[in-house]
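Working notes, structure below.
The values are calculated or read from the model by the stated rules, or taken from the named source; none is laboratory data. What you see is a predicted model, and the numbers here were worked out from it, not measured in a lab. Counting neighbours? That spans all protein chains shown, and the Cβs are built from the backbone with ideal geometry, glycine included. Note: accessible area is taken over every heavy atom of the protein model, side chains too, but ligands, DNA and RNA are not part of it. Shrake-Rupley method; radii C 1.70, N 1.55, O 1.52, S 1.80 Å.
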Amino acid sequence: MRHLLDTRSLSLAQLQDLLETARVIETGWPSARLQDSLRDRLLINMFYEASTRTRISFEVAAKRLGMQVVNFAVTGSAAEKGETLVDTFLTLQAMAPDILVGRHSDNGAITDLAQYADEGVHIVCAGEGTRSHPSQALIDAYTIQKIKGSVKGLKIVIAGDILHSRVAVSNIELLAKLGAAEIRLCGPTAWLPRGSLPGLAGIYETLEEAVLGADVIMMLRIQHERIRQTSELDLPEYARNWCFNSRVANLASDNHVVMHPGPINRGVEITDEMADGPRSAIHQQIANGVFVRMAIISTLLNQ
Ligand code: CP
């Protein structure tokens, strides 16, 4: 694997290998944390959009492997003087990183950087536009596997602002490859995906219908930063229809898992009771994120 840019281009074998590597790293943790071969190698985080989980998780993962980490922040950088994304990338690349982790609001922005990458420089997409967030989808699959044993045969709901969610796209692609039985999508009509859907993804008109008998319920944040007319949003109305609460949870299978990639807007897409309840895997997703990102880094650098 040269870069990790999306879930679409991952073969089933690569996907299973990454998940197994994460499992081995977690099982060996903390004794097997530092890899001598990665000592003093450099990861640069280049984030053009806000992030808590992804940026810090990549930093923690790299440091746990013995790497050095540099964080680029747009504020205070030459991007404020008009430097383009490509020129900034080439500038950072001239300082010889081994991995560059990038996030950007435009579809294809990070993927396109791969054509400028020197030999030995690996690019990881940490979220771009509405299309791709591969490490989050890997974390979600890893978390489901850990709790349920396997993704195979599960009925998985993805609910909320599907249209603007790169997490939804990456999860649909990846969970289908891993053998989910059904991927049920639901949300306000204006925020449902347009055009063709992967074979396993079906649209449900209400959250209640989608959740009926479901094994995994993945709630999504409203992506305010990608919606033009947020002033027209009626959040109380949205919450009445799409907030995951105990009444809706009672319709799911007895052992259902509640997930959310974060950040959470409590009371909008999920209630406190569900976010903090015994079926919530939200903090496990974050903890697993470090192991999965250690696996991504190790796989890219140790091939
Ligand atoms: N899930 C996710 O991408 O969170 P951050 O925006 O905090 O990185």
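Scanning the range 62-120 for residues that are crowded, with 19+ Cβ neighbours inside 10 Å and among the hydroxyl-bearing types (Ser, Thr, Tyr) gives Thr88, Thr111.
Does Ser246 meet the test of being free of Cβ contacts under 8 Å to residues at least 60 places away in the same chain and open to solvent by less than 60 Å² (accessible area, probe 1.4 Å)? Answer is yes for this residue.
Just one of the numbered conditions (1) open to solvent by less than 40 Å² (accessible area, probe 1.4 Å); (2) modelled with pLDDT under 95; (3) among the acidic types (Asp, Glu) is not true of Glu128: (2).
Is it the case, given these coordinates, that Ile156 is within 14 Å of the chain's Cα centre (by Cα) and at negative phi? Taking the combined requirement at face value, the residue does not satisfy it. Leu174 meets all of the listed conditions (1) more than 16 Å from the ligand (Cβ to nearest atom); (2) farther than 23 Å from Pro278 by Cα; (3) not polar (S, T, N, Q) but one, namely (1). With respect to the conditions (1) in a helix (DSSP H, G or I); (2) away from the ligand (no atom under 16 Å from the Cβ); (3) not hydroxyl-bearing (Ser, Thr, Tyr), Arg2 falls short on a single one, namely (1). Counting the residues of the range 199-222 that are modelled with pLDDT under 85 and surrounded by 13 or more Cβ atoms within 10 Å (Cβ to Cβ) gives 2. So which residues in the range 124-133 are away from the ligand (no atom under 11 Å from the Cβ) and under 17 Å from Met294 (Cβ atoms)? Matches in the range 124-133: Val124 only. Scanning the range 42-61 for residues that are more than 8 Å from the ligand (Cβ to nearest atom), open to solvent by 10 Å² or more (accessible area, probe 1.4 Å) and outside any helix (DSSP H, G or I) yields Leu42, Phe47, Tyr48.
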